[in-house]
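**Student:** Quick one: the structure is below, questions incoming.
The values are calculated or read from the model by the stated rules, or taken from the named source; none is laboratory data. Quick caveat: nothing in here was measured; it's all calculated off a predicted structure. Every residue, glycine among them, receives a Cβ derived from its backbone with ideal geometry; neighbour counts consider all protein chains shown. SASA here: full protein model, heavy atoms, side chains in, ligands and nucleic acids out. Shrake-Rupley method; radii C 1.70, N 1.55, O 1.52, S 1.80 Å.
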Amino acid sequence: MTIHLTVKNIMLADYVFTVPGILLLLIPGHMMAFQLGYSLLEWNWVTASLILFSLSGLLWLAILLPLQRRMIRYSEESLRLGEQTAAYRQVSRKWDIYGTIGTILPLISLILMIWKPGM
């Protein structure tokens, strides 16, 4: 029961915090880059950061959300059976791997935004 509720709440938190957070980062970020004269049409730290952040978002949309839906479905099955199923463990492992990658990409983007290397 605990796993099922946790997985459902993680998905809810993603919709409540992640989606608005992405918008709150991208919109003002683009505005500030434009005001400071950075072009997104040339290769620079802003472009690299945007690409990494976008890859993270695509990973979240294309892989992590479907995995979360499957985790919810499999956790319901586990709840009925009274034990974690192999299918749930497999999907959970994939979610851990892709979730780690999806977290590291924006962290690298953050480092680029702080460091601002001359690319």
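**Student:** At 1.4 Å probe radius, can you tell me the per residue accessible area of the chain in Å²?
**Tutor:** 67
**Student:** Let me ask something else about it. With 5 Å bins from zero, work out the P(r) of segment 2-119 over every alpha carbon pair and list the percent per bin.
**Tutor:** Computed distribution, short to long bins: 2, 11, 18, 19, 14, 11, 9, 7, 5, 3, 1, 0.
**Student:** How many nm is it between the label spots at LEU12 and ARG93, if each spot is 7 Å from the Cα in line with the beta carbon?
**Tutor:** The two pseudo-label positions are separated by 3.0 nm.
**Student:** Convert each backbone phi in segment 20-27 into a coupling constant with the Karplus relation 6.51 cos²θ - 1.76 cosθ + 1.60 (shift: θ = phi - 60°), then list the ³J(HN,Hα) values in order as whole Hz, x for Gly and Pro.
**Tutor:** Values, residue by residue: x, x, 4, 5, 5, 8, 6, 5 Hz.
**Student:** Using θ = phi - 60° and the Karplus curve 6.51 cos²θ - 1.76 cosθ + 1.60, what whole-Hz ³J(HN,Hα) does each residue of segment 8-15 get, with Gly and Pro shown as x?
**Tutor:** 5, 6, 5, 5, 4, 4, 4, 5
**Student:** What part of the accessible area of segment 34-82, given as a whole %, is carbon or sulfur when the probe is 1.4 angstrom?
**Tutor:** 65
**Student:** In nm², what is the average projected area of the convex hull enclosing the Cα atoms of segment 74-119?
**Tutor:** Seen from a random direction, the Cα hull of segment 74-119 projects 4.1 nm² on average.
**Student:** With runs of 4+ DSSP H residues as the only contributors, calculate the mean residue ellipticity of the chain at 222 nm using -39,500 (n - 2.57) per run, divided by the residue total and rounded to the nearest 500.
**Tutor:** -26000 deg cm²/dmol
**Student:** Right, next: Per-residue accessible area for ARG73 at 1.4 Å probe radius, Å² rounded to 10?
**Tutor:** Its heavy atoms expose roughly 120 Å² to the probe.
**Student:** Quick one: what Rg and Dmax do you get for segment 1-61 from the alpha carbons, in Å?
**Tutor:** Values for segment 1-61 (Cα only, Rg and Dmax): 15.7, 53 Å.
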